[in-house]
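Student: One structure, as structure tokens, below. Some questions next.
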Amino acid sequence: MTFSRLEDRRLVTGAGRYVSDWNFPGQLHAAFLRADRAHARIVSINTEAARAMPGVRVVLTAADTAAAGFRSLPCAAPIPGKGGSALLKPERPVLAGDVVRFVGECVACVVAETAIAAQDAVEAIIVEYEDLPVAMTAEAAVAPGAPQLHPGIPGNVAIEFETGDPAAVAAAFEGAAHVVSLDLHNQRVVGSPMEPKGCLARHDASTGDYFVHVCTQGTTGMRAQLVATTGVPDEHVHIVAEDVGGGFGLRFNAYPEYSAIMLAARLAGAPVRWVASRSEVFLSDEHARGVTSRGEVALDAEGHFLAFRFNFLNDMGAYIAPTGPVVAVLSIRACLAGVYRVPAAVANVRLALTNSVPMAAYRGAGRPVISYMIERLVDQAATDLGIDPVELRRRNLIPTAAMPWKTVNGLGYDSGDFPAVLDKALGLSDWNGFSARRAEAGARGMLRGIGIATFIESTGGGASPDEVEARFGDHGEITIHAVSHSHGQSHETAYAELLASVLGLPRERFRLRNGDPGVRLAGNPTGGSRTMHGVGSALRVLADDIIAKGRELAARALEAASADIEFDNGVFRIAGTDRSVSLDALIERHAAGPERVFDTRSSARTGSTFPNGCHVAEVEIDPATGVVSIERYTAVDDAGNLLNPTIVAGQMHGAIVQGAGQVLGEHAIYDLETGQFLTGSFMDYAMPKAVNVHGLTIADHPVPTPTNLLGVKGVGEAGVTGSLPALMNAILAALRPVGVTHFDMPATPARVWGAVGAARAGDGRRFAHA
Amino acid sequence: MSQVSLTVNGKAVSVDVEDRTLLSSVLRENLGLTGTHIGCDTSQCGACTVHLDGRVVKSCTVLAVQAAGSDVMTIEGLAPSHDPSGATLHPVQQAFSECHALQCGFCTPGMIMAVTGLLKDTPDPDEQQIIHGLEGNLCRCTGYVNIVKAVKQAASALRA
Ligand code: FES
Ligand code: FES
């Protein structure tokens with residue numbers, strides 16, 4: 001059967017509905033004035049000229065948000081800090097009134113009859129600033145004498161986390177035969193979904209209801225944050241969304257602009273729409289990664305790991321984004337020792353505030369930070385000790401028979417078969433044939449390297465159960481409601497296929513509605529690769545609940561006891577007879593009645609799962625130009641059971657190439673002195689293109705997890721969790737023979753060319769961050 | 001203000017616009033053809049790609065007044081241009097769906113319009129020509145793997 005998704009027809013014909021595609025009668029347009037400097041006191045804001053411009057209806061500043069009772073944007077820490085310390089929360093206003101703390105922070109909002117008129121009026125607002133000194137990197141922010149960003153956050157450290165057993169680690173290091181350490185920088189990147197964020201708000205003055213159309217990964221988190229910020233009661237905030245053009249973590253939180261647009265709609269008495277330009281997206285979307293780290297491993301004489309010790313210093317930007325601390329610490333805590341049998345480990349994570357865009361989730365959300373640290377450290381140990389990197393891993397992998405495994409900080413993995421995953425990847429990548437390929441490349445003057453990463457990640461457990469609801473329409477259609485919002489993950493198809501297979505109905509019968517303001521469900525936004533184990537499990541329960549209802553109706557129709565009724569492939573049958581009635585017929589008879597007997601709400605609660613994999617990358621570097629070419633890439637993943645392998649492969653492709661993007665070029669750069677953002681367009685920020693990855697092989701080695709009904713583990717982020725370390729290990733393997741000993745991402749042609757030249761001149765560390 | 005008359009998806013239209021108005025705004029805001037997307041402000045992403053007198057252009061980089069008198073085709077007009085009954089998709093649209101060459105779909109209309117143009121000029125492209133042909137279009141979701149596959153499949157469907 002040819003592949004196609006239920007969402008495809010509208011999307012390939014241009015009939016999708018993204019935020020900027022909504023229009024309402026009388027709609028007005030908004031534009032924001034943003035700080036043009038990184039740190040400054042606001043002396044005055046003069047909006048007089050702007051208010052007098054043609055078509056201008058409303059101008060908002062901090063005075064207006066204060067009058068409306070707006071509060072600081074919310075933030076929280078998922079676990080207590082070291083010694084039980086609490087997160088020091090910076091006040092984050094919707095519109096800055098006293099101090100601006102990063103270039104791009106919102107200062108004023110103009111509403112006018114057209115978007116162009118609003119933009120023109122923004123340019124007529126005059127702000128007088130008094131510049132303050134800036135702290136542009138985490139290292140600079142925590143240094144003695146650094147400028148202080150917020151009152152009450154001394155030293156710009158919002159919290160420090162510690163996980164693991166520092167005493168056990170210290171003892172292990174003392175008795176170690178070898179100690180290997182490595183400093184790494186995981187550079188700041190901009191997630192850049194292709195749909196720029198936007199918001200359209202409508203206010204109904206008679207009921208007090210707000211309808212807020214936004215790019216969202218799920219309505220529950222978005223609504224809660226808007227309620228916390230605006231003070232509008234929860235029952236009056238309705239999030240509306242249909243198609244969302246990518247998210248990757250950046251569409252989870254309620255950006256300050258969204259609250260401002262709600263207020264603007266109320267004051268203007270008309271729908272107000274704002275759509276960010278790409279320049280605004282670069283200046284105001286949450287950025288991600290930005291972690292400086294040091295890892296140490298202690299080994300015995302045979303190369304067995306005795307302990308890991310990690311220190312992470314996270315650049316959090318000027319404020320703490322709602323999901324920022326989660327991203328910074330949870331993945332590190334969950335997968336502290338990776339796939340290895342390590343008796344002791346500890347990690348320390350410090351969150352520093354800097355004069356830059358707040359940091360939060362981007363595909364992987366911390367998973368590619370810990371996997372990158374561990375897997376590069378393991379390769380460094382292999383190099384330093386002269387042990388083959390595969391052999392070193394094999395010696396230390398958690399054996400399959402030891403599952404379920406309890407990790408050193410008391411958490412654990414339920415299932416996995418790491419040695420088999422490794423073997424499969426070695427076979428598919430023809431690891432053993434590499435030396436011949438290297439020799440052939442060498443004859444052409446090229447540097448060829450192969451790199452491996454054996455990794456594990458923890459998927460999101462979810463803050464609440466996931467509820468789903470089925471509503472049966474009058475024409476046989478079944479509408480499924482869920483919170484977790486699709487922004488490319490093919491939920492519409494995956495949900496329908498899952499229900500269709502259990503209920504024995506064609507998948508075309510099912511429609512999906514996320515973000516329907518008329519249906520309030522508990523549940524979690526899309527994130528942490530959790531939708532299929534969370535919502536998927538709820539759908540499985542839903543299907544069983546529908547079958548149970550059908551069984552009662554079938555028993556009545558067939559005049560039999562319900563205990564005697566079997567259900568198979570859409571048909572209820574009295575066991576051992578040929579007397580039957582189809583689910584479809586029962587739906588037709590009963591679903592449309594006033595009691596809507598088939599309408600069902602079900603839920604499930606799942607915990608984290610542990611997708612894992614082994615990725616092997618092979619690169620070729622032209623030492624004359626510094627260009628890195630990915631020649632082969634093999635990914636073997638244990639994502640548990642796969643529901644739709646084509647969709648799964650698509651998720652892997654996208655995530656691997658996002659990883660390749662960070663490895664080869666993506667880098668969000670601020671000027672260290674002025675705090676201006678230097679990579680604010682697709683001309684300056686190197687997005688991956690079709691040219692980047694060749695010879696991709698995707699394979700699976702499923703070990704179903706016993707922790708949910710479907711045995712699925714999740715697949716959204718594994719590609720990037722594996723590709724950062726696998727690709728960089730390959731690049732280092734190619735560069736070591738010419739004398740490069742250390743190299744930090746990104747491996748742009750200029751940096752690689754420079755590193756080769758510096759190494760030949762005797763400096764193997766020129767392009768290391770630390 | 002200028003009055004601009006043009007043909008869009010086979011229909012004659014006329015709009016009054018400020019001289020600085022972009023073709024993309026006319027399509028989206030004046031004509032309600034929201035399948036043409038805006039993904040950037042520096043002519044890099046290609047989400048806004050349409051055909052102008054049969055040539056592939058980024059509609060965010062053409063002033064509406066420059067398009068006066070021209071014939072524009074947007075994503076909404078592609079399937080009908082292939083099958084006026086509306087029953088079947090254009091082979092490029094079909095190939096994108098069958099090859100899973102779209103995830104969130106935001107880049108997709110622009111990709112499809114660009115590929116349709118590419119295949120008109122280069123009916124049997126090799127891998128390098130496809131990669132080169134996609135240089136002006138960004139996709140954040142698919143890693144381009146299945147887009148390249150879809151171009152190959154569409155090329156052979158169109159040659160058949
Ligand atoms: S919107 Fe036209 S190229 Fe990006
Ligand atoms: S499918 Fe999402 S950007 Fe291409």
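We did not get these values from a lab; they are worked out from the coordinates using the rules stated. The model shown is predicted, which means the values in this text are computed figures rather than measured ones. A quick note on method: Cβ atoms are made from the backbone with ideal geometry, for glycine too, and the neighbour counts reach across all protein chains shown.
Student: Can you tell me the FRET efficiency between A:Asp545 and A:Arg605 if r is taken as the Cβ-Cβ distance and R0 is 25 Å, rounded to the nearest 0.05?
Tutor: 0.95
Student: Please order A:Ile565, B:Ile131 by the number of other Cβ within 10 Å, starting at the fewest.
Tutor: If I rank by nearby Cβ atoms, fewest first, I get B:Ile131, A:Ile565.
Student: Counting DSSP beta bridges with both partners in the protein assembly as shown, what percentage is antiparallel, nearest 5?
Tutor: Roughly 80 percent of the beta bridges in the protein assembly as shown run antiparallel, per DSSP.
Student: Count charges around A:Glu235 for me, please; just the other residues with Cβ under 14 Å from its Cβ, Lys/Arg as +1, Asp/Glu as -1.
Tutor: Result for the local shell: -1.
Student: Something else: Between region A:499-552 and region A:1-78, what is the C-alpha centre distance in whole Å?
Tutor: Centre-to-centre (Cα) distance: 32 Å.
Student: If you place +1 on the Cβ of every Lys and Arg and -1 on the Cβ of every Asp and Glu, how big does the dipole about the Cα centre of region B:2-77 come out, in debye to the nearest 20?
Tutor: For region B:2-77, the charge dipole is close to 180 debye.
Student: Now a separate question. Just name one of B:Pro123, B:Asn137, B:Cys107: the one whose Cα is farthest towards the positive end of the charge dipole of region B:91-159 (beta-carbon charges, Lys/Arg +1, Asp/Glu -1).
Tutor: It is B:Cys107, whose Cα lies furthest towards the positive end.
Student: Here are some pairs, A:Lys197/A:Lys406; A:Lys406/A:Lys549; B:Lys58/B:Lys152; A:Lys89/A:Lys406; A:Lys197/A:Lys689; A:Lys689/B:Lys11; which of them have Cα atoms lying more than 30 Å apart in this structure?
Tutor: A:Lys197/A:Lys406; A:Lys406/A:Lys549; A:Lys89/A:Lys406; A:Lys689/B:Lys11
Student: Per residue of chain A, what 222 nm ellipticity follows from adding -39500 (n - 2.57) for every DSSP H run with n ≥ 4, rounded to the nearest 500?
Tutor: -9000 deg cm²/dmol
Student: So, one more: What ranking, highest mean first, results for peptides A:77-84, A:700-707 when packing means the other Cβ atoms within 10 Å averaged over each residue?
Tutor: Order by mean packing, descending: A:700-707, A:77-84.
Student: Another question, if that's okay. If packing is taken as the mean number of other Cβ atoms within 10 Å per residue, what is the order of A:172-178, A:346-352, highest first?
Tutor: Order by mean packing, descending: A:346-352, A:172-178.
Student: Inside 10 Å of the C-beta atoms of A:13-24, what's the mean count of C-beta atoms belonging to other chains?
Tutor: 6
Student: Related question: Could you please state, rounded to a whole Å, how far the C-alpha centre of region B:89-128 is from the C-alpha centre of region A:130-145?
Tutor: 48 Å
Student: From other protein chains only, count the Cβ atoms within 10 Å of every residue's Cβ in B:28-38, then give the mean.
Tutor: 4
Student: Between beta-carbons, use under 15 Å as the cut-off and find the net charge around A:Ala699, counting Lys and Arg +1, Asp and Glu -1.
Tutor: My count for the surroundings of A:Ala699 gives -4.
Student: Now a separate question. Residues of A:239-246, mean number of Cβ from any other protein chain within 10 Å of their own Cβ, rounded to a whole number?
Tutor: 3
Student: Further, regarding this structure: Between the DSSP loop rule and a limit of at most 12 other Cβ atoms within 10 Å, which GluC sites (Glu not before Pro) in region A:583-655 are left?
Tutor: Sites meeting the loop and neighbour criteria: A:Glu595.
Student: What is the packing order of peptides B:105-114, A:328-337, taking the mean over residues of other C-beta atoms within 10 Å and listing the highest first?
Tutor: My ranking of the peptides, most packed first, is B:105-114, A:328-337.
Student: So which GluC sites (Glu not before Pro) in region A:20-114 are both in a DSSP loop and have at most 16 other Cβ atoms within 10 Å of their Cβ?
Tutor: Taking region A:20-114 and a limit of 16 other Cβ atoms within 10 Å, the loop GluC sites (Glu not before Pro) found are A:Glu91, A:Glu113.
Student: Would you work out which of A:Val291, A:Ser20, A:Ala321 lies farthest towards the positive end of the dipole of chain A? Charges go on Cβ: Lys and Arg +1, Asp and Glu -1.
Tutor: The residue sitting farthest along the positive end of the dipole is A:Val291.
Student: Could you name the aspartates and glutamates in cross-link range of A:Lys82, using Cα to Cα under 17 Å and dropping any fewer than eight places away on the same chain?
Tutor: Straight-line reach from A:Lys82, under 17 Å: A:Glu160, A:Glu162, A:Asp165.
Student: Something else: Which shape class, rounded, prolate or oblate, goes with the protein assembly as shown when its Cα gyration tensor gives a ≥ b ≥ c as root eigenvalues, a/c under 1.5 marks rounded, and past that a/b bigger than b/c marks prolate?
Tutor: rounded
Student: Can you list which of the trypsin sites (Lys or Arg not before Pro) found in region B:11-56 are DSSP loop residues with at most 11 other C-beta atoms within 10 Å?
Tutor: B:Arg20
Student: Please give the charge dipole size of region B:20-160, origin at the Cα centre, charges +1 on K and R Cβ atoms and -1 on D and E Cβ atoms. Round to the nearest 20 debye.
Tutor: Around 180 debye, computed over region B:20-160.
Student: Using +1 at the C-beta of Lys and Arg and -1 at the C-beta of Asp and Glu, which of A:Ile546, A:Phe472, A:Leu512 has the Cα lying farthest in the positive direction of the dipole of region A:466-604?
Tutor: A:Leu512
Student: Based on other C-beta atoms within 10 Å, arrange A:Glu286, A:Glu162 from fewest to most.
Tutor: A:Glu162, A:Glu286
Student: Then there's this: Quick one: if you stick a label point 7 Å off each Cα along the C-beta vector at A:Ala170 and A:Ala76, how many nm between them?
Tutor: Each label point lies 7 Å from its Cα, and together they span 3.4 nm.
Student: Considering only C-alpha atoms, what is the centroid distance from region A:645-669 to region A:158-231, in Å?
Tutor: After rounding, the separation between the Cα centres reads 19 Å.
Student: Return the lysines within reach of A:Lys424: Cα separation strictly under 24 angstrom, same-chain partners fewer than 8 residues apart disregarded; answer none if there are no such residues.
Tutor: A:Lys713
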